[in-house]
Amino acid sequence: MSVLDFILLLLIFIICYLSVKRWYIKHELKKYVQSSNAKKKTKDVKFKNFISKFNFLKTKDLFLLKQGYPLRLDSLRYYTLKIILSLIFFLAGITNYNSSFIAILLASIGWFFIDVYIMVNKKSRDAEICNDLYNVTNSICLQLSSHVSLKDSIKYQFQNCKNKDFQKAMIEFSTCYELTELNIDKAIQTLNSRFDILEINMFCNALSEYNKTGDVVEILENLASSLGEKQIDVIKEQTRTKIIYVTIGVIIALINIILLVFYPLFISLGQGFDTLFK
């Protein structure tokens, strides 16, 4: 056997080894992913079966679902965290102030702290989703006007979304639309159940007209116009807020400058008066 034949056989062996190794890794990874998904589905089913026994947990879980599970809180974690925060605030009040009234007041603050956070988060999240919806609606209008089918026009709309929750919802919406043999009503129901936002509901209602009329461009254009006006209002509000912050910053800076300039003068005048009247 020549050296060239030996090298050729060695290369073939290496290629076969790497191919088998790559196939084995892919096979094991696929098994692991399937196993993980099965476990996750089993846990989700068990959790849903558990909370379905308690109406207040079921209601709160539905609310948190529509908020995108902020801080990854499901209904059990939500109430557990509220209780823990209330106890921490209560113990802090008892320890630091030695007063039952202040302790109860702080415990109340701890109890509603998560609700305030969710409310603030909802406002910013809704604004972000409405901005994404504006881009999606405009894109669908342009494609439908160019005689692109609705299925093709919504297929890649997730690329126009920055909010992860809405992006995921648009992927599920498109997939559901295709898998249900272009049943737009089923896909709309899936999308609408994920959010508690008026504009999403309007978007779903506009698309529901597609089965009735086959032409929803005008309705979507009106929705896009409405969303555009809302975006302008949001920008104006953000601008006003920034102006207020800048004005307050300038006032504080001027006060500091005045104090730095006139403080030594006031000190000198005070010392002069002290010297004069001694």
Tell me, please, whether a residue that is assigned to a helix (DSSP H, G or I), of a type in the set (Val, Ile, Thr) and at pLDDT 80 or above can be found in region 49-69.
-> yes
Residue check, Asn211 open to solvent by 70 Å² or more (accessible area, probe 1.4 Å) and modelled with pLDDT under 85 = yes
Counting only residues that are modelled with pLDDT of 90 or more and among the polar types (S, T, N, Q), which one in region 118-142 is nearest to the chain's Cα centre (by Cα)?
-> Asn121
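Yes/no matrix, rows are residues, columns are (1) farther than 20 Å from Thr190 by Cα; (2) part of a helix (DSSP H, G or I); (3) open to solvent by less than 50 Å² (accessible area, probe 1.4 Å); (4) without any contact (Cβ under 8 Å) to a residue 60 or more places away in the chain:
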residue	(1), (2), (3), (4)
Leu105	yes, yes, no, yes
Phe112	yes, yes, no, yes
Met119	yes, yes, no, yes
Lys123	yes, yes, no, yes
Asp132	no, yes, yes, yes
Thr137	no, yes, yes, no
Cys141	yes, yes, yes, no
Leu144	yes, yes, yes, no
Met170	no, yes, yes, yes
Would you mention how many residues in region 146-168 are in contact (Cβ under 8 Å) with a residue 60 or more places away in the chain and of a type in the set (A, V, I, L, M, F, W, C)?
-> 1
Quickly run through region 190-204 and pick out the residues that are part of a helix (DSSP H, G or I) and exposed (fewer than 15 other Cβ atoms within 10 Å of the Cβ).
-> Leu198, Asn201
How many residues does region 86-103 hold that are among the aliphatic types (A, V, I, L, M), open to solvent by 80 Å² or more (accessible area, probe 1.4 Å) and more than 31 Å from the chain's Cα centre (by Cα)?
-> 1
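The values are calculated or read from the model by the stated rules, or taken from the named source; none is laboratory data. Values in this document were obtained by computation on a predicted structure and should not be read as measured data. Note that we place each Cβ from the backbone using ideal geometry, even for glycine, and neighbour counts take in every protein chain shown. What goes into the accessible areas is simple: the full protein's heavy atoms, side chains included, and nothing from ligands, DNA or RNA. Shrake-Rupley method; radii C 1.70, N 1.55, O 1.52, S 1.80 Å.
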